[in-house]
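Only one structure is covered here, and it is reproduced in the block below.
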Amino acid sequence: MTLTPFFARAHSRAALVLMIASLLGLGPVAQAADKLSIAPAAVQGAEDGYSLTLKQLGRRDSMNLQGVESSDSVNFDIRADQVVTGAQLLLNYSYSPALLAELSQINVLVNDEVAASLPLPKEGAGTVQQTLVQIPPHLITEFNRLRLQFIGHYTMSCEDPLHSSLWAKISNTSELKVQISPILLKDDLSLLPLPFFDKRDARQVSLPFVFATAPDNATLEAAAILSSWFGALASYRGATFPATLGAIPAKGNAIVLVVSPGPIDVNGLKVAQATGPSLKLIANPNDPNGKLLIVSGRDGAELKRAATAVALGSPVLAGNSVVIDQLESLAPRRPYDAPNWVPSDRPVRLGELVDVKKLNVSGYNPGPISVDFRLPPDLFNWREEGVPLHLKYRYTPQQQSTNSSLLVGLDDQFMKTMPLPSITSLADGNNLLTLMAKDNTLPREATTLLPISSASPKSKLQLRFMYDYIKEGECRDIIVDNMRGAIDPDSTLDISQYQHFIAMPNLGVFNDAGFPFTRLADLSESAVVMPDNFGTEALSAYLTVLGRFGESTGYPATAVKVVQAKDVQSVADKDLLVLSSGNDQPLLKQWQQYLPATANGPQQHFKLSDLPRYVSKWVSPDAEANKHSANAAVTFNSTSTNTWFAGFESPLKAGRSVVLVASSKPEGLKAATAVLIGGDDYEDSIQGSLAVVQGKQVSSLVADQQYYVGKLGVFKYVQWQLSQNLGWMLVITFLGLAIVTCLVYLSLRARAKRRLA
């Protein structure tokens, strides 16, 4: 064990304790010791653990290992408040029947250290095998790479290193099990967002919110700032926010929101009188390993200021508690400027979208370079050729090849092949030597168009270098791993020529990107209409939906407005998110004529169309082709729980949108938030203007598009309107012909008069 780096990043007292823990087999600790407060009980308490599949760790499909030596890997990290006491890998795999058992194996490596070597006997070949591999905990650090290496041979004599019989497959259902013990963190706000969120943890975030008293609208707005911030941090993991009134959780972490002009007791937790917008980090009185973030103020405005300070200023906070003296917004948000979205006013560099290190690969057939990006969901792609992708790349040219190429794909769909010429096929050899003088790679540039109709709001650009393997003959074939490929981070993707215009309602873009609410990242043009006399189920749903908005934009909802039905006129100029559970939302009766679904106690009414028969192919670039207006309706009585989403134009102002999240019972709102987070259990997602959720099944029933949001240029708008209305096109065509005819007639008549004169 190397002690120097360990002591270099640890406080002396804490480092000694951690070193002893490591020598005892408890594993290294994942956080600098100057941020830890470690007692003997922290590593002697009851062990806990969790498990994650390779799919949950980011491996979308099985690992396909081919050749005499190949490997693939996934990353996994350990939370800052945990120490590893044990780990296992439950490996599901299969391998070729042609392998020589005495020369072939699968190695399990953690951080390039061999944890186990698995033999590949003949009797198990060609069938799925399962093996439990013990991983020594001392191999696991803060950031880890789990690598599966396949070494295969099929003959004792000369062999083809890429022979088809050399293969092994590792299923992404293989499971990594980790046992941990907690470590106490200091009560220091500089740790935020720890321990409430840790980017090392790939599991879904579940963070309780505790309201000291029944929340008013300002308190709900403050809570939305925090939930959307944690939702943005959670990203792909998803986040839920169980809400309670005055009940501190028995275990773990929680956010406590307190509005009181004086001292207050929250379920035995005494909170001192706030002297302004205040933040305090303390241990959970019910769990010494848990933490409570107390966000307090004398009124709702101060509470919102404190919450905003957490969401926007957490990197500069320090100490056990702080009072926010001043917080200013330096510049208002602009439409479509969400940090997670591709800028629509300029070309964006690929280096802005992905870590530069991930743009470099090596080997004859490396895996794809993936660049995740989010497009604004209302890009108008009618009669557009595609998004220009200007690629700058470098590669190692082969002496001779015919099939080497760079493949470009979008969301697993092939787009274009760019050849990688060999040295002999390049005409100007002298120029080649000049270009390769500094290194052994050759720079190239190319531009391709990506059809935006093939892209989703959450898109993935895939770039894959593939090199031709030239066989030299028996006993001469050898793989020299000197092939390199790199995408220049200055390569650009440009959507600036696209305009923003989309047919609504469209629950698909609400599900994927929170649109239209997320058009402004701070939700300054959005309002939430809460039910009357709402309970904790509606509170949890509200916080979780706002967390999804934060996940989409990457920015906290610092300007969202919360009202009840009686005050809805005050937010008439905003897009409205309406929550309903049972009979607690008066707007369902007031707006009944606009709703595709209603509920009145056990009586429920739903409109239907032929959309379910076409749901697999209903999305089209042509808005008219997406229409599936209601052509039937059904009314029934039932005591079961029904949950649905509905979208329609706001009755308060044209061009504004309403999205209703409703359930016949309060507990049904949990199903609504679960389908928004999504996952492998959901085959379908919500679409159209009405979608019903029943357990894990989602049924989109109606896609009735009635209005448009956004703005087109005058010329594009006229073109588009004429394309949608054949009669007007014919009228304008004949009118144009008549005008041209009159002008030609008058011109010829004037010329005749001049000639006769």
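Please treat every number below as a calculation from the coordinates, not as lab data. From a predicted model like this one, the values you see are computed outputs, not experimental measurements. Note that each Cβ is placed from the backbone with ideal geometry, even for glycine, and that neighbours are counted across all protein chains shown.
Could you sort 564-572, 699-707 so that the peptide with the highest average Cβ count within 10 Å comes first and the rest follow in order?
699-707, 564-572
Find the centroid of the Cα atoms in segment 302-366 and in segment 180-226, then give the distance between the two in whole Å.
18 Å
Give a quick list of trypsin sites (Lys or Arg not before Pro) in segment 202-308 that DSSP marks as loop, anything other than H, G, I, E or B, with at most 16 other Cβ atoms within 10 Å.
Filter output for segment 202-308: R203, K251.
Order of Y469, Y745 from fewest to most other C-beta atoms within 10 Å?
Y745, Y469
Where q = 0.08, 0.14, 0.17 Å⁻¹, what log10 of I(q)/I(0) comes from the Debye formula for segment 277-435, counting one point per Cα?
With no solvent term, the Cα-only Debye profile gives -0.53, -0.93, -1.12.
Can you pick out the pairs among K199/K270; K566/K665; K304/K460; K55/K665 whose Cα atoms lie more than 27 Å from each other?
K199/K270; K304/K460; K55/K665
For the charge dipole of segment 189-323, defined by +1 on Lys and Arg C-beta atoms and -1 on Asp and Glu C-beta atoms about the Cα centroid, which residue among N217, A274, A234 has the Cα displaced farthest towards the positive pole?
Positive-end residue among those listed: A234.
Students often forget the sequence filter, so: which aspartates and glutamates lie under 12 Å Cα-Cα from K653 once same-chain residues fewer than 8 apart are removed?
Straight-line reach from K653, under 12 Å: D573, D575.
Have a look at segment 289-349 and give its Rg and Dmax from the Cα atoms, expressed in angstrom.
16.0, 47
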